[in-house]
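Encoded as structure tokens, the structure appears first; notes follow it.
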Amino acid sequence: APSIVFIDEIDAVGSRRTYDGTTGSSEVNRTMVQLLAELDGFDKRGDVKIIAATNRIDLLDPALLRPGRFDRIIEVPLPNDEGRNEILTIHTRKMKLDNVDFDELVNMTDGLSGADLKAIVTEAGMFVIRRKGKAVTMDDFKEAYTKMITKETREEVTGMFV
């Protein structure tokens, strides 16, 4: 039957092979070799398509990028001003907003991904809940942005919505 297999964060299993003699690198190498064997296979895949995603293409083993394994490499760049405005509009459309300046939000979030923007919107909403407010304000977004860009928060996302 027609199928699509999606491998998210392929760099976790398809990273550049190393030979440092450790058990960990040996396991990574075996996983990589098995992945390549499954991609190549002995039989044609027919109606089975494989799509993979990574935000670290620089870590992928060159063997994964050879012709015939993945036919296309599509880069999805970070959103521009218009894109960030649309993303913020989508994620805030069900929120009650009070005096929120979208132009300022767009300018202060330059270089952030759509996922980062969603996290900021969610966190701004959490600030309102914590203070028992009725609407999300620009200050809530500024606090959420500050929390988002702090190094500790970026490395430890587990506390993002707590």
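Details
- For the stretch 81-159: rounded, prolate or oblate by the Cα gyration tensor [a/c cutoff 1.5]: oblate
- Whichever lysines have a C-alpha closer than 22 Å to that of Lys142, once near sequence neighbours (fewer than 8 apart) are set aside: Lys94, Lys96, Lys118, Lys132, Lys134, Lys151
- Three semi-axes describe the equivalent ellipsoid of the chain; taken as square roots of 5 times the Cα gyration tensor eigenvalues and ordered largest first, they are 41, 19, 14 Å.
- The modelled label-to-label distance between Thr89 and Asn55, using points 7 Å beyond Cα along the C-beta direction, is 2.4 nm.
- Residue-averaged 222 nm ellipticity for the chain, from DSSP H runs of 4+ at -39500 (n - 2.57), nearest 500: -13500 deg cm²/dmol
- Rounded to 10°, Cα long-axis angle of helix 81-92 versus longest principal axis of the chain: 70
- The modelled label-to-label distance for the pair Thr146/Ala37, using points 7 Å beyond Cα in the direction of Cβ, is 5.5 nm.
- A Förster radius of 45 Å, combined with the Cβ-Cβ distance separating Ala115 from Lys44, puts the computed FRET efficiency at roughly 0.80.
- Cα long-axis angle, helix 23-40 against the chain (0 to 90 degrees, to the nearest 10): 80
- Placing a label point 7 Å from the Cα of Ile4 along the Cα-to-Cβ line, the residues of the stretch 42-85 whose backbone N sits under 16 Å from it are 47-54, 71-76.
- Alpha carbon centroid spacing (whole Å) that separates the stretch 34-93 from the stretch 96-155: 29
- Of the residues Leu65, Met32, Thr122, the one whose Cα sits farthest toward the positive end of the charge dipole of the chain, with +1 on the Cβ of Lys and Arg and -1 on the Cβ of Asp and Glu, is Thr122.
- The charge dipole of the chain, taken about its Cα centre with unit charges on the Cβ atoms of Lys, Arg (+1), Asp and Glu (-1) only, comes to about 460 debye.
No value in this document is a laboratory result; all are computed from the given coordinates. All of these numbers come straight from a predicted model, not from anything done at the bench. Every residue, glycine among them, receives a Cβ derived from its backbone with ideal geometry; neighbour counts consider all protein chains shown.
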